[in-house]
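Here's the structure, in structure tokens; my notes come after.
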Amino acid sequence: MDAQWLLTLYDVNQIRRQRVIYGLLKNQLTVSTAYNGMLYHQLILIGQRPWLTKQEYDQTLQQLIQAQWLTEVAKGQMKVTALGLKQQMAYWQNHYQVQHALMFERYDVSGFRDAFLLANQVISETSFESKSYYPLPADAMTKNWVKKWYHTNKYSDIVFQWVQQLRTYLDTLPKQDADWLTSTWIGHEVPGMTHQQLAGPASWNEEDYYWWELDQYAQLIEWALTNPHSLIGKLFVPYRRRTMSVSNLLTYQAFEQGMSVNAIQKQRRLKISTIREHLMLSAMLVPLDQFSYDRILNADVVAYFQTRLTQPLTQWSFNQVKRQGTAEEFFYFRLYAIQQFKKVEQSEGQVNE
């Protein structure tokens, strides 16, 4: 893998665990991996390198350590050196840097991109009354959703509305971004340009084009959120949360439908620890307003935490609040920390907007 790109995933001030970065890239999510990834503001990395091997990852880290760009301050815990910081700055001068990272942390950008591209192709073919074409490859969920979305909206002059809404959105973009983005779309007798054909900056590699393209769909999500009744807004609906396992999703849905933790455990016949892990992971992967924290964290629990957790969130420790040290206490502590992190993140996002 690209050693300089890997270096950008580490920080000069914050110590980061190498196993967390690897777990995010491989989408090997545990509660600990997701929680630390959240604190690192690196949930954007989830599933971005499913083919990466541990051997390749470790070898690349060793290259960075030998170059004195990265230092291991404790076993498995890395920090960027002053020399490494200069390399990071030099890297970003020549490569693309994601501009809409919060959208990646909150929503399933990749899933939405796949749905959008397929929907756009379908509407393009519809406009030419074409019934014989090869649809873009997509997983079953994406295909089924786009089909349902299309049939729900096809009687509302869907082609005209789609074109008008896309024009409205594209007018908000810099001309180069709009031209590049539309040139990658596949439609009736239009194959779409590859990244190599876009002829961007000479210093860009496939990595840059990949993140640039995804970032365009992250920005489109921002537009969809402010235009929920548009065709694009309606298409976005299933991607309002990041991907989680089927089992995790069933637990989350049951909880949001009003079931208690104990009731879910009995119904699903899973360990109570598994149900708690599902809920903590769900809280990290969905926006703040899509998890019912107050159903678990009552006023007394919140007040107790508020009086004892006065340092910056990254310095919080379970030892500061534990009484009996039970798994249930840790569940409350971790869930409270997730909630507070999400509140800060939301506040910062509103300020930036």
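The values are calculated or read from the model by the stated rules, or taken from the named source; none is laboratory data. All values reported here derive from a predicted model rather than from experimental measurement. We place every Cβ from the backbone using ideal geometry, glycine too, and count neighbours over all the protein chains shown. Remember, those area values only see protein heavy atoms, side chains included, never the ligands or the DNA or RNA. Shrake-Rupley method; radii C 1.70, N 1.55, O 1.52, S 1.80 Å.
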Output wanted: per-residue J couplings in Hz (rounded whole) for the stretch 294-305, from phi through Karplus 6.51 cos²θ - 1.76 cosθ + 1.60, θ = phi - 60°, x for Gly and Pro. 5, 6, 10, 9, 6, 4, 5, 5, 4, 5, 4, 5
Under 28 Å from residue 148, Cα to Cα: lysines that are on another chain or at least 8 residues apart: 131, 234
Could you tell me the extents of the stretch 287-347's C-alpha atoms along the three principal axes, largest first, rounded to whole Å? 31, 25, 18
Within 11 Å, Cβ to Cβ, of residue 104, how many net charges do the neighbouring residues add up to if Lys/Arg are +1 and Asp/Glu are -1? -1
Which residues' amide hydrogens lie under 5 Å from the amide hydrogen of residue 17, considering only partners 5 or more residues apart or on another chain, with H built in the peptide plane? 78
Trypsin sites (Lys or Arg not before Pro) within the stretch 247-304: DSSP coil, no more than 13 neighbouring Cβ in 10 Å: 269, 271
Can you list the HN-Hα couplings for the stretch 6-14, worked out from phi with the Karplus curve (6.51, -1.76, 1.60; θ = phi - 60°), rounded to whole Hz and with x for Gly and Pro? 4, 4, 5, 7, 10, 10, 7, 10, 9
Near the amide H of residue 187, under 5 Å away, which other amide H atoms are found, from residues 5 or more places off or on another chain, if H is placed in the peptide plane? 192
What is the sum of charges around residue 289, taking Lys and Arg as +1, Asp and Glu as -1, for the other residues whose C-beta is under 11 Å from the C-beta of residue 289? +4
If you take the beta carbon distance between residue 75 and residue 164 as r and set R0 to 51 Å, what does 1/(1 + (r/R0)^6) give as a FRET efficiency, to the nearest 0.05? 0.30
HN-Hα J couplings of the stretch 48-64 from phi, Karplus 6.51/-1.76/1.60, θ = phi - 60°, integer Hz, Gly and Pro as x? 7, 9, x, 8, 5, 9, 4, 4, 5, 4, 5, 5, 5, 4, 5, 4, 5
Using only the alpha-carbon atoms of the stretch 1-124, report the extent along each of the three principal axes, biggest first, to the nearest angstrom. 53, 34, 25
Percent of all Cα-Cα pairs per 10 Å bin for the stretch 85-180, counting from 0 up to the last occupied bin, reads 12, 33, 33, 14, 7, 1
Within the chain, what's the longest run with no chymotrypsin sites (Phe, Trp or Tyr not before Pro) in a DSSP loop and at most 11 other beta-carbon atoms within 10 Å? Give the range, please. 156-353
Just the Cα atoms of the stretch 206-353, one point each, no solvent: what log10 I(q)/I(0) does Debye give at q = 0.10, 0.19, 0.21 Å⁻¹? -0.46, -1.22, -1.33
Using a Debye calculation, one point per C-alpha and no hydration shell, please list log10 I(q)/I(0) for the stretch 141-286 at q = 0.11 Å⁻¹ in order. -0.63
Write down the Kirkwood hydrodynamic radius of the chain, to one decimal in angstroms, obtained as one divided by the mean of 1/r over all alpha carbon pairs. 22.6 Å
Once every DSSP H run of n ≥ 4 in the chain is given -39500 (n - 2.57) and the sum is divided by its residues, what mean residue ellipticity at 222 nm do you get, rounded to the nearest 500 deg cm²/dmol? -18000 deg cm²/dmol
What whole-number volume per residue, in cubic angstrom, does the convex hull of the C-alpha atoms of the stretch 221-264 give? 86 Å³
Shape of the stretch 174-241 from its Cα gyration tensor (a ≥ b ≥ c, root eigenvalues): rounded if a/c is under 1.5, otherwise prolate when a/b > b/c, or oblate? prolate
Using 0.36 nm times the number of residues separating residue 329 and residue 210, minus their current alpha carbon distance, what extension gain do you get? 38.6 nm
For residue 75, the aspartates and glutamates lying under 15 Å Cα to Cα, once residues fewer than eight places off in the same chain are dropped, come out as 58
With all protein chains modelled, accessible area of residue 143 [1.4 Å, Å²]: 100 Å²
Calculate the length of the line joining the C-alpha centroid of the stretch 287-353 to that of the stretch 31-81, in whole Å. 26 Å
Net charge over other residues, Cβ less than 15 angstrom from the Cβ of residue 275 (K, R count +1; D, E count -1): +4
Cross-link list 26/271; 79/175; 26/79; 26/143: which exceed 31 angstrom alpha carbon to alpha carbon? 79/175
